[in-house]
Amino acid sequence: MGIIDNLFRKNPPVVLIVEGVVLEAGVHQPYPSAAGKPLEEERYLTLEVRAACDTRGVVYPASSVVPPEFTGLPALLEPFEPGDAVRITTTTATGRQIRTLERIAEERKPG
């Protein structure tokens, strides 16, 4: 790839990837837009964060993901409930809007 290609190549945006266990799931009404137009209800998940990194491979302490609450459209979040182990990919590196959400196998402790 030449210099010109590098100048115009779009790098994918860096996004946050978080793994954890759902502590709370619910619905909330976002604040109205500046025009006063009501926004569509969103579902949210609050996690006990177990791991966090970004798509560059930078690893973050789980305690740095504050607040550990993520939002998304109801159809995406409805199948999830407290106790589910999940992996969330956000739409941005610092945002809390969910792009993808999947159930993962939780590591079981012996005993």
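Restrict the check to segment 56-63 and report whether at least one residue is within 12 Å of the chain's Cα centre (by Cα) and surrounded by 11 or more Cβ atoms within 10 Å (Cβ to Cβ).
Among the residues of segment 56-63, not one is within 12 Å of the chain's Cα centre (by Cα) and surrounded by 11 or more Cβ atoms within 10 Å (Cβ to Cβ), which makes the answer no.
Name the single residue that is surrounded by the fewest Cβ atoms within 10 Å (Cβ to Cβ) among those in segment 89-98 being under 15 Å from TYR44 (Cβ atoms) and in contact with a Ser or Thr (Cβ under 7 Å, 6 or more places away or on another chain).
Here the answer is GLN97.
If you take the residues of segment 6-33 that are among the charged types (D, E, K, R) and outside any strand (DSSP E or B), which of them is modelled with the lowest pLDDT?
Filtering segment 6-33 for residues that are among the charged types (D, E, K, R) and outside any strand (DSSP E or B), the one modelled with the lowest pLDDT comes out as ARG9.
Starting from residues that are of a type outside the set (Asp, Glu) and closer than 12 Å to LEU47 by Cα, keep the ones in segment 12-22 and report whichever is surrounded by the fewest Cβ atoms within 10 Å (Cβ to Cβ).
Out of the qualifying residues, it is VAL21.
Among the residues of segment 23-55, what is the count of those that are among the polar types (S, T, N, Q), under 22 Å from PHE80 (Cβ atoms) and exposed (fewer than 13 other Cβ atoms within 10 Å of the Cβ)?
1
Residue by residue through segment 34-65, note down the ones that are farther than 18 Å from ARG99 by Cα, aliphatic (A, V, I, L, M) and at pLDDT 90 or above.
Matches in segment 34-65: VAL58, VAL59, ALA62.
Against the condition of a type in the set (Val, Ile, Thr) and modelled with pLDDT of 95 or more, how does ILE88 come out, does it pass?
So ILE88 fits the description; yes.
The values are calculated or read from the model by the stated rules, or taken from the named source; none is laboratory data. Treat the numbers as computed from the prediction; the structure is a model and nothing was measured. No Cβ is skipped: glycine too gets one built from the backbone with ideal geometry, and neighbour counts run over all protein chains shown.
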